[in-house]
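*Asks:* The following block contains the structure, expressed as structure tokens.
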Amino acid sequence: MSPEPEREGLPAPAPGPASAPGRASAPGPASAPASPASPRAACASEGPPGPARRSEPAAPPEPAAPPEPPPRPRCDPSAVPAPDEERLARVALTRVLEPGDAVGGWWLREWGAVAVLRRLQDGAATLPGVSARRWEGLRARAARTRAGQDLEVAAAAGARFVTPQDTEWPAQLDDLGDARPVGLWVRGRPSLRIWALRSVAVVGARACTEYGAHMAASLGAGLAERGWVVVSGGAYGVDGAAHRGALGADGATVAVVACGVDRPYPRGHAQLLGRIAEQGLVVGELPPGDHPTPSRFILRNRVIAALTRGTVVVEAAYRSGALVTARAARDLGRFTMGVPGPATSGLSAGVHELLRGDAVLVTDAAEVVELVGDMGELAPRRRGPVVPRDLLGPGAARVLAALPARGGAAVPDIAREAGTSADDAVARLYELRSLGFVERLGDGWQLTRQAFPSAIPEGGDA
């Protein structure tokens, strides 16, 4: 008879000697266990089992000697990796996969870090998407990984490893898709996720001008004073000026480096990067001790663009890496901004090209915040200086304009030039006299030197 009625609630037969613990029964159709639907289903049986189905009510247990709970079945570790195993695998893969490797990111998404690392280390079948030569190169790297040692070195430098499964992971990095980092090495005490929520990138040329350094420092200080985190690359030029501006305003700043976070690069910024680690954060994709390369600098820029709400380019030539950051920000749907420079400056040519496209022109921190900030965070209206003459009414302004720059004029002449009557002209003249614009000159009127010092130069013609 089929065993299906027993699953529908009929009482099961009492276990016989063949079903005692530690003794295997002969396999048959009725005793074949159902396989779990997924690897995680293998762990679904953990926990105390449900009440056994009996045909007769069982006697209540004695209070003095409660029954010992049955042992919990163990989960297959190969089916669901432990959190520490997943973290160690990702630490190891930071030495195997280059930053921005979309094929490696696809592997991680499809098979997970533990399975990918095992395939690389065990020499199993090649994973799809790479050539045999590339696979051998990755296997050579995987054979030399040292995840535990890397974590110890990072901890000695005050750094930690953040994975996409951690609460500190900035969710906006997921916009990079398969090119998102395997993990991030973070040196510093604040939470990277919290700081990234309100951050702006300030990037530009390494060999910047004094104007570029001044604008970067001004933007860094202004953004920090308004409660924004300044993110840059820690390099010479615009990057360093932006970091120093934020630090000088006692604000928050993050340096995203293209090497290990324990390795100051460039060497001339060792003190600056140390201060950033104390007051802010130093972030990188590469494991401790790894060195930068030109390609890693370029790929690092995508992290800066994805981490922040917008990117400001201060000075950049046509081939500047800062333009890579700006274009990545544009492609990710972030705000792209540029600070204009002299039209004759080659260091501003790349910025001007951005401004001819989708980038927004900004000149100070208030305009940046107006673009990336919340509703109502508006920059002040900009206008030239207000002079007393701007406050005059239309009638008085016409009479004032009718007086000659030098010498005096009679009332009929003033009235004719102003297009009004003599009585109205006299009334306006006395109004202007009370305001200090005109004075009597015999039977006529003339302008005062105090009201228009630039209209009548000292010792010169009008």
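The values are calculated or read from the model by the stated rules, or taken from the named source; none is laboratory data. What you see is a predicted model; the values in this text were computed from it and never measured. So basically every Cβ, Gly included, is an ideal-geometry build from the backbone, and we count neighbours across all protein chains shown. Protein only, heavy atoms only, side chains kept; ligands, DNA and RNA dropped before computing areas. Shrake-Rupley method; radii C 1.70, N 1.55, O 1.52, S 1.80 Å.
*Asks:* I'd like to check something: does segment 361-374 contain any residue that is touching a residue at least 40 places away in the same chain (Cβ under 8 Å) and closer than 13 Å to V203 by Cα?
*Replies:* Within segment 361-374, not a single residue is touching a residue at least 40 places away in the same chain (Cβ under 8 Å) and closer than 13 Å to V203 by Cα.
*Asks:* Checking the structure you have, find out if any residue of segment 298-310 is open to solvent by less than 50 Å² (accessible area, probe 1.4 Å), out of contact with any Gly (no Cβ under 7 Å at 6 or more places or on another chain), touching a residue at least 24 places away in the same chain (Cβ under 8 Å) and outside any helix (DSSP H, G or I).
*Replies:* Yes, there is a match, as at least one residue in segment 298-310 is open to solvent by less than 50 Å² (accessible area, probe 1.4 Å), out of contact with any Gly (no Cβ under 7 Å at 6 or more places or on another chain), touching a residue at least 24 places away in the same chain (Cβ under 8 Å) and outside any helix (DSSP H, G or I).
*Asks:* Now, a different point. For segment 103-135, give me each residue that is open to solvent by 50 Å² or more (accessible area, probe 1.4 Å) and within 18 Å of L184 (Cβ to Cβ).
*Replies:* R109
*Asks:* Mind checking which residues of segment 190-207 are touching a residue at least 40 places away in the same chain (Cβ under 8 Å) and either open to solvent by less than 20 Å² (accessible area, probe 1.4 Å) or closer than 23 Å to Q279 by Cβ (or both)?
*Replies:* P190, L192, W195, A196, R198, S199, V200, A201, V202, V203, G204, A205
*Asks:* Taking segment 326-353, which residues are in a helix (DSSP H, G or I) and more than 14 Å from V202 (Cβ to Cβ)?
*Replies:* Correct list: R327, A328, R330, D331, G346, L347, S348, A349, G350, H352, E353.
*Asks:* Mind listing whichever residues of segment 376-416 are among the basic types (K, R) and open to solvent by less than 40 Å² (accessible area, probe 1.4 Å)?
*Replies:* Correct list: empty.
*Asks:* While we're on this one: Go through segment 89-102 and give me each residue that's of a type in the set (A, V, I, L, M, F, W, C) and open to solvent by less than 20 Å² (accessible area, probe 1.4 Å).
*Replies:* Selection gives A89, V91, A92, L93, V96, L97.
*Asks:* Report, ordered by the first and then the second residue, all pairs with beta carbons closer than 8 Å, sequence separation of six or more or different chains, a first member in segment 155-172 that is on the phi > 0 side of the Ramachandran plot, and a second member that is at pLDDT 95 or above and open to solvent by 40 Å² or more (accessible area, probe 1.4 Å).
*Replies:* Correct list of pairs: G158/R187.
*Asks:* In this structure, does V182 turn out to be part of a strand (DSSP E or B) and crowded, with 22+ Cβ neighbours inside 10 Å?
*Replies:* Spelling it out, it is not the case that V182 is part of a strand (DSSP E or B) and crowded, with 22+ Cβ neighbours inside 10 Å.
*Asks:* May I pose another question? For segment 153-168, what are the residues that are within 17 Å of V257 (Cα to Cα) and open to solvent by less than 40 Å² (accessible area, probe 1.4 Å)?
*Replies:* A154, A157, A159, F161, V162, listed by residue number.
*Asks:* Determine whether L286 is surrounded by fewer than 22 Cβ atoms within 10 Å (Cβ to Cβ), under 24 Å from S320 (Cα atoms), touching a strand residue (DSSP E or B) at 6+ places or on another chain (Cβ under 9 Å) and not basic (K, R).
*Replies:* Against the criterion (surrounded by fewer than 22 Cβ atoms within 10 Å (Cβ to Cβ), under 24 Å from S320 (Cα atoms), touching a strand residue (DSSP E or B) at 6+ places or on another chain (Cβ under 9 Å) and not basic (K, R)), L286 does not qualify.
*Asks:* If you don't mind, another one. State all residues of segment 316-350 that are under 14 Å from the mean Cα position of the chain (by Cα), under 21 Å from G234 (Cβ atoms) and open to solvent by 30 Å² or more (accessible area, probe 1.4 Å); if no residue qualifies, say none.
*Replies:* Result: R334, single match.
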